[in-house]
Amino acid sequence: MHALNIQLPKYHFRRWHIAIAVMAVAFYFSLPQKLFDTGYATVITDSSGNLLGAYIANDGQWRFPPADSVPYRFRTSLLMFEDEYFYYHPGVNPISLGRALWQNLRHRRTVSGGSTITMQVIRLARPARRTIIHKIKEMYLAIRLECSLSKDSILALYAAEAPFGGNTVGIEAAAWRYFNRPARELTWGESAALAVLPNAPALVHPGKNRSQLLYKRNRLLHKLHDSEIIDSTTLKISLAEALPGEPQLIPRKAPHLLDRQIVNRRGTILNTSLDGNLQQLAAQVVNRHANQLQQNQIYNAAAVIVSVQSGKALAYVGNVDGDDDAKGYRVDVVQSPRSSGSVLKPLLYAKALQEGIVLPRTLLPDIPTYYRNFSPQNYQRRFDGAVAANEALSRSLNVPFVRLLNNYGGDIFTANLQQMGFSTVDKPYSHYGLSLILGGCEVTLWDLAGCYASMARMLNRYTTEQAVYNGADFRPLTFLNNDTFVLTKNTFHPPVMSASAAYFAFKAMTNVQRPPEETGWENFSSSRRIAWKTGTSYGFRDAWSIGVTPEYVVAVWVGNASGEGRPGIVGGATAAPIMFELLNLLPPTSVFAVPYDDMAEVRVCAASGYRASSTCSDTDTVLIPLTVKKTGACPYHRLVYLTADGRFQTRMECEPLGNVRIESRFVLPPVVEWYYKPHHPEYRSLPPVREGCEALENSAPLDFIYPPPQTSVYVPTGLDGQLSRIVMKAVHRNPDANLYWHFNSDYLGSTKYQHQFEVLPLAGINTVTIVDDEGNRIVRRFVCAGE
């Protein structure tokens, strides 16, 4: 018995221990892990937190996701009205409950609940009939909630879940719907009006209960004044403010980014890098131009404005405003792959400079060019014979750049584009072919702006940070405000593109002829120096324009989302005017600094742009990229032996001693000369060879235009199953020369002035022979294959 008495206290102690533990577990699990299981609206904001757009929650409520904090004016007003001792009680205020009980007994009806804000949070999360039992449950769970969350977190939860009339829930949604601005910008009068609403949300209804709402708001304002929270002037101003009226429409400043957020992370807030004011102005510019373009059945346009330094989007206009789905207004064209047109030419120019294939003023052939079944044409359907590389870029000539791509290497350039961030160039070069540089690949406006922003950022770093490169300078754009990037180790070797190559590309882009409304821009001291490029895709389906300064990149696309082409969809006429107007929205910009550390001085031929040879008579000293090593000497200047009067070419042994003139002449190949000379009156053709003096080596005055050398000619087959005819073309330095044509074993005849013959080729190998009056002879063999 004695032993039994000793064990009893231990037994009872253990039982109470277990009971307390069970109660603690029950207390802990009395609240669910997630207090509110309601859905939230999808919200996007600008870089300052201002609302750009929102999509209603799944339950049809305008309920924004909870914020981290509650704005000061609303918080102060709310606590003064609902729970003055919020920061002092443990979730239940006995004094308030006692006062509420006395008021209810006195009036013999429920006039006050005595609930704290914490208790109201519980009621919002677990709505039920107002009974004493439920009141006790609210008190119990309120204490439990206070053990889990901080006071500020509870207040933020209440502010996000409290009803504000109709289908408006939460202070942020209420601020935008009733006052069209964020809660942090509400005045004392507006904050007080919203602070009294959760207590009776039906008060906000146009034409109903207005006097009661006005009374409650003004009483709260006087209470704030009596507590010396606001002064007399603020009180007078606040009392004079109008009450909220009918809910306003939620802004739709970036609808395509909102659609993207709905798909990716519905029910969350996306804080973007956009500038809200700039976004609104940019959308207005795009829509105004689009309204004019619709007269030509051009329905869609898109634009992005990017900060070069941060790589973040400042404006994102995914498309024109509209509700007609058939016209593709909901398509986010900024992210849609489209034919690139000519907007990749500056990149090829820069890489060719970097690799030493060309110098800025190197002449590129601009003549009829044939690659199997591909024959590029310039936009204006003419040939200039030869054009300086920088001028070919400024004028966006197609033929010189197709030939340059062929010399540079399509596989290499395709890899370069992928390295520069073009995510849609994801196929081997064999898929694109030489048309790659003319729009044969698809790019997005987003990637395009990102690439040019990366070029500008790299050049800025090189010229401001002791001639170094950083691999992180070439990176994708972002529209996330909190996105960060990590710099790699600085290097003196360009990871993607050299600074001088980018500089020369931007310099050539600066000389582009501007749209008619920008005529005379260089005459105004305030005008910007902008590197810009336009592009037009085949079939007039896509119009592009991109402008670059050291601070900003503006990229614009115009066309139809359906892919339908229209005659007016031309980069310079439709996209460029939008781009220039968007640039005018931005602060003053600077010009690109010259990267002298990545340049070297060399002597070049003034006529050809190549490195000067010993025979070049006129030379210039210019800066070229430091990495250039391959560029050869001028191939067009050579010493020519002439008779004393200069009328004929000759040889030393053909003339009396001392009667030979030796001149350095700029001599282009016959086909190049044929197209070059009409545009350059100063060009002097070689005189004919003196009669009786043999033709000089490498001085054949004639050449073929078509068929091309070392290639197969694909000839269409007619309905009768026979090959169609082809037109052979040739040129001669002497415009009065007669040419005699032989095709296979047949003599065709002679031509003068215009040298061309139509023939019916044979399947297999064909041979064309042409002889001129002087006995000069050229032969061209080609393989003919039917299609």
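A Förster radius of 35 Å combined with the Cβ-Cβ distance from residue 407 to residue 483 puts the calculated FRET efficiency at roughly 0.35. Put +1 on the Cβ of each Lys and Arg and -1 on the Cβ of each Asp and Glu in the chain; which of 738, 239, 685 then has its Cα farthest toward the positive end of the dipole? Farthest towards the positive pole: 239. Take every pair of alpha-carbon atoms less than 8 Å apart whose residues are at least six positions apart; their mean separation over the length of segment 33-93 yields a relative contact order of 24 percent.
The gain in end-to-end length when the residue 475 to residue 691 segment is fully stretched comes to 71.2 nm, 0.36 nm per residue minus the alpha carbon separation.
Expressed per residue, the C-alpha convex hull volume of segment 184-273 stands at 151 Å³. Roughly speaking, to the nearest percent, how much of the chain's 1.4 Å accessible area is carbon and sulfur? It is 52 percent, rounded to a whole number.
Separation of segment 278-337 from segment 571-626 is 31 Å, based on Cα centroids. The order of the peptides 400-407, 375-382 by mean Cβ neighbours within 10 Å, most packed first, is 400-407, 375-382.
Magnitude of the charge dipole for segment 328-373, about its Cα centre and with charges confined to Cβ atoms of Lys, Arg (+1) and Asp, Glu (-1), is about 80 debye. The residue list 176, 398, 435 was ranked by how far each Cα lies along the charge dipole of the chain toward its positive end, using unit charges on Cβ atoms, and 176 comes out on top. Under a model in which nothing but the beta-carbon of Lys, Arg (+1) and Asp, Glu (-1) is charged, the chain shows a dipole of about 3800 debye around its Cα centre. Scanning the chain for cysteines with no neighbouring cysteine C-beta under 4.7 angstrom from their C-beta gives 147, 441, 451, 784. Shape class for the chain: prolate, because the ratio a/c of the largest to smallest gyration tensor axis (alpha-carbon atoms, square roots of eigenvalues) is 1.5 or more and a/b beats b/c. Among the DSSP beta bridges whose two residues both lie in the chain, what percent are antiparallel, rounded to the nearest 5? Approximately 90 percent, going by the DSSP bridge assignments. Between amide H atoms placed 1.01 Å from N, distances below 5 Å from residue 170 occur with 162, 164, all of them 5 or more places distant or on a separate chain.
Accessible surface area normalised per residue over segment 175-296 is 50 Å², counting heavy atoms of protein chains with a 1.4 Å rolling probe. Note on residue 264 and residue 492: the model spin-label points, each 7 Å out from Cα along the C-beta direction, lie 4.0 nm apart. The mean sequence distance of close C-alpha pairs (under 8 Å, at least 6 residues apart), as a share of the length of the chain, puts its relative contact order at 9 percent.
A helix-only calculation puts the chain at -10000 deg cm²/dmol for mean residue ellipticity at 222 nm, using -39500 (n - 2.57) for each DSSP H run of at least four residues, averaged over all residues. Grab the Cα-Cα distance for residue 222 and residue 249, subtract it from 0.36 nm times how many residues apart they are, and report the gain in nm with one decimal. Extra length from residue 222 to residue 249 when fully extended: 6.6 nm.
Here the simple spin-label model places points 7 Å from the Cα toward Cβ, and for residue 760 and residue 239 these points are separated by 10.6 nm.
Please work out whether segment 282-434 counts as rounded, prolate or oblate from its C-alpha gyration tensor, where a ≥ b ≥ c are the square roots of the eigenvalues and a/c under 1.5 means rounded, while otherwise a/b larger than b/c means prolate and anything else oblate? Because a/c hits 1.5 or more and a/b exceeds b/c, segment 282-434 counts as prolate.
Taking Rh as the Kirkwood radius computed over C-alpha pairs, what is the Stokes-Einstein D of segment 742-787 at 10 °C in a medium of viscosity 1.306 mPa s, expressed in µm² per second? Rounded, D is 135 µm²/s.
Determine, for each peptide in 83-90, 150-157, the mean count of other beta carbons within 10 angstrom over its residues, then list the peptides with the highest first. Mind showing how you got there, number by number?
Numbers: 83-90: 14.1, 150-157: 17.0.
Packing proxy ranking, top to bottom: 150-157, 83-90.
Stretched out fully, how many nm does the piece from residue 133 to residue 621 gain, at 0.36 nm a residue minus the Cα gap? Mind showing how you got there, number by number?
On the way: separation 488, 0.36 × 488 = 175.68 nm, distance 9.53 nm.
Once the chain is fully extended between residue 133 and residue 621, it gains 166.2 nm.
Shown in residue order for segment 663-673 are the 3J(HN,Hα) couplings computed by the Karplus curve 6.51 cos²θ - 1.76 cosθ + 1.60 at θ = phi - 60°: 10, 8, 10, 8, 10, 8, x, x, 5, 4, 4 Hz (x for Gly and Pro). Label-point separation (nm) for residue 781 and residue 84, each offset 7 Å from Cα along Cα-to-Cβ? Distance between the two pseudo-spin positions: 10.9 nm.
Give me the net charge for the shell around residue 637: Cβ to Cβ below 12 angstrom, other residues only, Lys and Arg +1, Asp and Glu -1.
Values: positive: 611, 638, 665; negative: 618, 663.
That works out to +1.
The residues neighbouring residue 677, those whose beta-carbon lies less than 15 Å from its own, together hold a net charge of -2 under the Lys/Arg +1, Asp/Glu -1 convention.
If packing is taken as the mean number of other Cβ atoms within 10 Å per residue, what is the order of 187-199, 428-440, 482-494, highest first?
Numbers: 187-199: 24.1, 428-440: 18.5, 482-494: 10.8.
Output ranking for 187-199, 428-440, 482-494: 187-199, 428-440, 482-494.
Taking a ≥ b ≥ c as the square roots of the eigenvalues of the Cα gyration tensor, segment 294-342 is classed as prolate, since a/c reaches at least 1.5 and a/b is larger than b/c.
The HN-Hα couplings worked out from phi for segment 543-560 by the Karplus form 6.51 cos²θ - 1.76 cosθ + 1.60 (θ = phi - 60°) are 10, 10, 7, 9, x, 10, 10, x, 9, 9, 10, 10, 10, 9, 10, 9, x, 10 Hz, whole numbers, x standing for Gly and Pro. Segment 195-261 and segment 431-493 have Cα centres separated by 48 Å.
The values are calculated or read from the model by the stated rules, or taken from the named source; none is laboratory data. Note that the structure is a prediction, hence the values are computed from the model and not measured. Positions of Cβ are backbone-derived with ideal geometry, glycine not excepted, and every protein chain shown enters the neighbour counts. Keep in mind that these areas ignore ligands, DNA and RNA; they rest on the heavy atoms of the full protein, side chains included. Shrake-Rupley method; radii C 1.70, N 1.55, O 1.52, S 1.80 Å.
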